[in-house]
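Enquirer: Submitted below is the structure of interest, expressed as structure tokens.
The values are calculated or read from the model by the stated rules, or taken from the named source; none is laboratory data. The structure displayed is predicted, hence computed values, not measured ones. The protein model used for the area step is the full one, side chains on, heavy atoms only, and it has no ligands, DNA or RNA in it. Shrake-Rupley method; radii C 1.70, N 1.55, O 1.52, S 1.80 Å.
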Amino acid sequence: MEPTASSSLGYGNLLRIRSSSMEGKQQETKQIKQKLETLRATRKPAPPKMQSREYLDFLATVDTANPGETENFLNATQSQPWDKLPDLIPIGSHAGVRYFIHSCDLEIQQDWSAISGQKHDPELFAGVSQTPNRDDSKIYPGMSKYTAKQYGTDTLSDLNYGFGLGRLHHQLPNDPDTDDTGFYVILNAVDRSIWIAFDFEPHDDTGEIRTVMPEYGYEYGQLPGDEQNQMIGVQRLFGGDWTLQQPYSLDRGDPFTSGAGRAMATRLFAKPACFGEVVRAFLS
């Protein structure tokens, strides 16, 4: 809708103009219009969407031991309007199906019950390189501590600390659109390996957690087009060595059979990580 004279000039300016003489009205109207044109000419355009190459450059070089840099990455790649989120990041093909990372702020459901006493401390954003603070009462912003369990038993030790990159999308042959696979994509903050984990407790349209019943076969996920019907709860797709080859790329073959990690029928749980334990993980 085109702006009207009232919306362009402002109500207060119109009142002042109406109380002026005819010559004064014309002069004030001219000045206001000139200011309006100046504002329009100097207004900064919205930043363009981040391309996949830019995204991978950012992901490969962000200092995940530094809370400030980590939050900067998450804000730039996830805390944006949906139409300004980064382009889909291709990560290869499997059984003729293309796969992508859809960058967004969706993560595995967080369990806050065990850390109700912790707090977010702005001083953490100075990073750990100067004075490592090992206080376990403060939350590392954006970082999660993961545990994987099957029938109540821990089944995973290679993914302890990290953060969500978004959702795993797939594109079928001859289909211009992509769809959500039901998996989260996660970065291991310590070694920069990339994992997927099935969303076994998805939210419904109202924001409530929709409990998935195992008897319906949804406790673990399956890849579209997988003829072996392999059930996946957690799997490592890429080791941290993807950051050693430039230009950075995850689109180099089949991420599910490249040997980076076996698929596990196990469920991944997350809770917010405390700053001290993350520091110790990086220093160990």
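Enquirer: Excluding ligands and nucleic acids, what accessible area in Å² is computed for residue 102 using a 1.4 Å probe, to the nearest 10?
Expert: 30
Enquirer: Counting only protein chains, not ligands or nucleic acids, how are 58, 198 ordered by accessible area (probe 1.4 Å), most first?
Expert: Greatest to least solvent exposure: 58, 198.
Enquirer: Turning to a different aspect of this structure: Through the Karplus equation 6.51 cos²θ - 1.76 cosθ + 1.60, θ set to phi - 60°, convert the phi angles of segment 160-166 into ³J(HN,Hα) values in whole Hz; use x for Gly and Pro.
Expert: So the Karplus estimates, Gly and Pro as x, are 10, 10, x, 8, x, 9, x Hz.
Enquirer: Next up: Of 50, 231, which has the most accessible area with a 1.4 Å probe, and how do the rest follow in descending order?
Expert: 231, 50
Enquirer: What order do 271, 30 take when sorted by accessible area (1.4 Å probe), most exposed first?
Expert: Descending accessible area places them as 30, 271.
Enquirer: Heads up, I need the accessible area for residue 190: 1.4 angstrom probe, whole protein in place, Å², nearest 10.
Expert: 70
Enquirer: Give the Cα extents of segment 52-104 along the principal axes, in whole Å, largest first.
Expert: Here the Cα extents, ordered largest to smallest, are 40, 25, 14 Å.
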